[in-house]
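Here's the structure, in structure tokens; my notes come after.
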Amino acid sequence: QVQLVESGGGLVQAGGSLRLSCAASGRTLSSYDMGWFRQAPGKEREFVAGISWRSSTYYDDSVKGRFTISRDNAKNTVYLQMNSLKPEDTAVYYCAADRGSGSWRSREYDYWGQGTQVTVSS
């Protein structure tokens, strides 16, 4: 069993930056693909970024060039550096872990965190 805990959310002005962390316990993340998702009020959860167990990275077009996903297997933690934040980035951000394969957007992830709120003011 893997427990995922997100942190680092908060309130920031447009143009600002935040770094989200997803810390895992219970099992090492080194063999897991990791994804970041977000869900804004009244909207469906959407894929933001992913990093494979081999550290290949993938981004939704809406965040490409602004967000960077990374992992530190020694710390069992995955990060999402978010720069040039926009009000439309406001959402609850979730991390997820999966040892399977398939589309980053539609695969069945094995584990999810509880989420961290990111609010970007204009």
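Relative contact order of the stretch 42-122, taken over Cα pairs closer than 8 Å and 6 or more residues apart, is 24 percent.
Compactness of the chain is given as radius of gyration and Dmax, 13.3, 40 Å, from Cα positions. The residues packed around Ala40, meaning those with a beta-carbon under 10 Å from its beta-carbon, carry a net charge of -1 if Lys and Arg are +1 and Asp and Glu are -1. Tell me, how many Å apart are the Cα centres for the stretch 5-38 and for the stretch 43-96? Between the Cα centres of the stretch 5-38 and the stretch 43-96 lies a distance of 7 Å. The shape of the stretch 12-57 comes out prolate: with a ≥ b ≥ c from the C-alpha gyration tensor, a/c is at least 1.5 and a/b beats b/c. Charged neighbours of Thr119, selected by a Cβ distance under 14 Å, balance to 0 (K, R count +1; D, E count -1).
For Lys43, the lysines whose Cα comes closer than 28 Å to its Cα, not counting residues fewer than 8 places off in the same chain, are Lys64, Lys86.
Since every read-out is calculated from the coordinates, none of them should be taken as a lab result. Computed from a predicted model, the values in this text were never measured in an experiment. Every residue, glycine as well, gets a Cβ built from its backbone with ideal geometry; the counts of neighbours run over all protein chains shown.
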